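To start, the structure under review is shown below, and the notes come after it.
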Amino acid sequence: MIMTIIDMHVHLCNRSRCSNLSAENLNETISKQIDGVCLTDHWILHPKKLYSIRDVKVFHGVEFDCVMGDILAYGIDSIPLRKRNLPAEKIINHIHDQGGVAVCAHPFSNRHDGFGKYVYDYEFDAIEVNGTILEGLQVKAEKTAVEMDIPTIGGSDAHSYRQLNTIVTKFNVPINSMDDIVKAIRNKECKAIKI
Ligand SMILES: [Zn+2]
Ligand SMILES: [Zn+2]
């Protein structure tokens, strides 16, 4: 069976101030089972600094914070003007207007800003199972996705090499572009798995 394994949530230093994961660290540490990573730095869509990751495919998403919690976006070409306390629907509409997918990041995390029970109120295309949080809270995210009839995606949310290789996304189709990722999420051809 053709499938592609991608870590959909990675922060690199130079791009995210909160991260000390370098491209070199990532390259050395990432599991050979992982085909690609999606860099999702805060409010940065495209590379700020040059970096090279030799052995994995690199895609670019972005992570937004808003008044309700964090939102991951894939398949967009521009980011909204950053403002304090932006309403969630404004960001989600921005993502959808550009043909992208909006994913609720770590909805029930006790250590990040997550939507919690309000996740149900928004037009998310998928729910993230985040590698840095407790297993019980990951299971809660999976159950929510079933209830909302949307897929899960998985990401390590790595900010250091020690946080890599936890939860990733298994796509049931070959992924060679961000368009492939967007299409696969819309078609529910993906799910979060442990690596
Ligand atoms: Zn976050
Ligand atoms: Zn993050």
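Observations on the structure shown:
- Whole-Hz couplings from phi, Karplus 6.51/-1.76/1.60, listed for the range 180-195; x for Gly and Pro: 4, 5, 4, 4, 5, 5, 4, 8, 6, 9, 8, 7, 6, 9, 7, 10
- Cross-linked pairs K57/K90; K57/K143; K90/K191; K57/K183; K143/K191: Cα-Cα separations exceed 24 Å for K57/K90; K57/K143; K90/K191.
- In this structure the amide hydrogen of M8, modeled in the peptide plane, comes within under 5 Å of the amide hydrogens of C38, G154, G155, S156, T169, none closer than 5 places in sequence on its chain.
- From helices alone, the chain scores -6000 deg cm²/dmol at 222 nm; the rule is -39500 (n - 2.57) for each run of n ≥ 4 DSSP H residues, then divide by the residue total.
- Inter-label distance, K143 to E189: 3.1 nm, where each label sits 7 Å from its Cα along the C-beta direction.
- Distance from the range 167-195 to the range 1-65 (C-alpha centre basis), Å: 15
- Accessible area in square angstrom per residue, the chain, 1.4 angstrom probe: 49
- In this calculation the C-beta distance from E89 to L134 is compared with R0 = 30 Å, giving a FRET efficiency of 0.55.
- Computed from backbone phi, the HN-Hα couplings of the range 53-63 come to 10, 6, 9, 10, 6, 10, 10, 10, x, 7, 10 Hz, rounded to whole numbers (Karplus: 6.51 cos²θ - 1.76 cosθ + 1.60, θ = phi - 60°; Gly and Pro given as x).
The values are calculated or read from the model by the stated rules, or taken from the named source; none is laboratory data. In this text the structure is predicted, and so the values were computed from the model without any measurement. Cβ coordinates were reconstructed from backbone atoms using ideal geometry, including for glycine residues, and neighbour counts include every protein chain displayed. Ligands, DNA and RNA are stripped out before the accessible areas are found, and what is left, the full protein with its side chains, is counted by its heavy atoms. Shrake-Rupley method; radii C 1.70, N 1.55, O 1.52, S 1.80 Å.
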